[in-house]
1. Can you give the FRET efficiency for Leu157 and Glu228, using 1/(1 + (r/R0)^6), R0 = 25 Å, r = Cβ-Cβ distance, to the nearest 0.05?
2. Taking square-rooted eigenvalues a ≥ b ≥ c of the alpha carbon gyration tensor, is the stretch 73-230 rounded, prolate or oblate, where a/c under 1.5 means rounded and, failing that, a/b exceeding b/c means prolate?
3. Residue-wise, which Karplus ³J(HN,Hα) couplings in Hz belong to the stretch 167-179, taking 6.51 cos²θ - 1.76 cosθ + 1.60, θ = phi - 60°, and x for glycine or proline?
4. Only counting other Cβ atoms within 10 Å, I'd like Lys206, Lys242, Lys248 sorted with the fewest neighbours first.
5. Using alpha-carbon positions, what is the distance between the centroids of the stretch 74-98 and the stretch 205-279, in Å?
6. For the stretch 249-264, take each phi angle, set θ = phi - 60°, evaluate the Karplus expression 6.51 cos²θ - 1.76 cosθ + 1.60, and give the result in whole Hz per residue in order, putting x for glycine and proline.
7. Using Cβ contacts closer than 10 Å as the measure, can you line up Met209, Met170 from fewest to most?
8. First check a/c for the stretch 113-188, with a ≥ b ≥ c the square roots of the eigenvalues of its C-alpha gyration tensor; if it is under 1.5, answer rounded, and if not, answer prolate when a/b is larger than b/c or oblate otherwise.
Amino acid sequence: MTVNMKKKLSESILDKFSIDFLRSQVLKNAYGNDDTVIAKLDPRVLLAWYLVVGLVPWFVSDLWFLGACFLLVLVTTKLARVAGLVLALFAVGVFSQTGYLFIVALFFGGDVSTAVPLLVMTLKVATCSLASVTVFSGLDPDRLSNGLMWYGCPERLSFSISYAYRVLPMLMEEFQNILLSYRLRGNPPAHETWMGKVRYLVYQVKIIMQAFYPLMLNTAKRSRTTVEALEIKGYRYAAVDKQVKRMKLRTLQVTTNDFLFLALSLLWISLAMLGSALF
């Protein structure tokens, strides 16, 4: 086997591993946390907790209170055992924007005091983002749909949200297959030199852009097949049948752990508000 063949083989294995790794992380985040403390909570309790923790920070600008809320969602994120890829994307997305704004502020005549309002905004965004990560990592699509339905969300809307969450790993697998087909039929430029690396990067970006059209087409075909299967099974009538709704919601049950989780969260937020008022 020649050196070029070994290099191409290693690159294809690395690419496949990377895409498989992304897909496995998504699957783990959606379905692999069933044994965590957060996943065992009632979905109605989690959604109510998310409504409070996700909205309250936007009406408060005190650093003490926001820091306490951020510590709370850090603990819940740890309990939810969120996938490392999701946390990495969260960190890059939130803190890179803050650093960028701080540098721009300094460039236009700001000083160190500019960091305070940026820190307030960062804590607000980070708290709400981690609360979202906690809830959606602890709820599989079916439990999420049932929780939304209990709060009065229309069945078709709740199903659409859970289906979008469920179909994400399949989209990634479809995207992987399309990329591999393009690479098998393509002829990538040599990338031993610096200009070759630039051309190779442009080639990769071009392939990714070209892959989106067949991805959308295949997704539309898959959606049509799903709709036909739902119609055959009588989903249109089951979605508005009250007896079916009661059967689906019968599995929901609030336990002592749910009350304990809410009580500890409310106690922590109350102490944070008291500390904010005193200090």
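Any read-out appearing in this document is the output of simple, stated calculations on the displayed coordinates, not a laboratory observation. Nothing here was measured: the structure is a model prediction, and the numbers come from that model. We place every Cβ from the backbone using ideal geometry, glycine too, and count neighbours over all the protein chains shown.
1. Plugging the Cβ-Cβ distance into 1/(1 + (r/R0)^6) gives 0.80.
2. In terms of gyration-tensor shape, oblate.
3. Values per residue, Gly and Pro as x: 7, 4, x, 5, 5, 5, 5, 5, 5, 4, 5, 5, 4 Hz.
4. Ordered from fewest to most neighbouring Cβ atoms within 10 Å, Lys206, Lys242, Lys248 come out as Lys242, Lys206, Lys248.
5. 20
6. 7, 5, 6, 6, 8, 7, 10, 4, 5, 5, 5, 5, 4, 5, 5, 5
7. Values: Met209 9, Met170 13.
So the ranking, lowest neighbour count to highest, is Met209, Met170.
8. Numbers: a/c = 3.70, a/b = 1.21, b/c = 3.05.
It is oblate, given that a/c is not under 1.5 and a/b is not larger than b/c.
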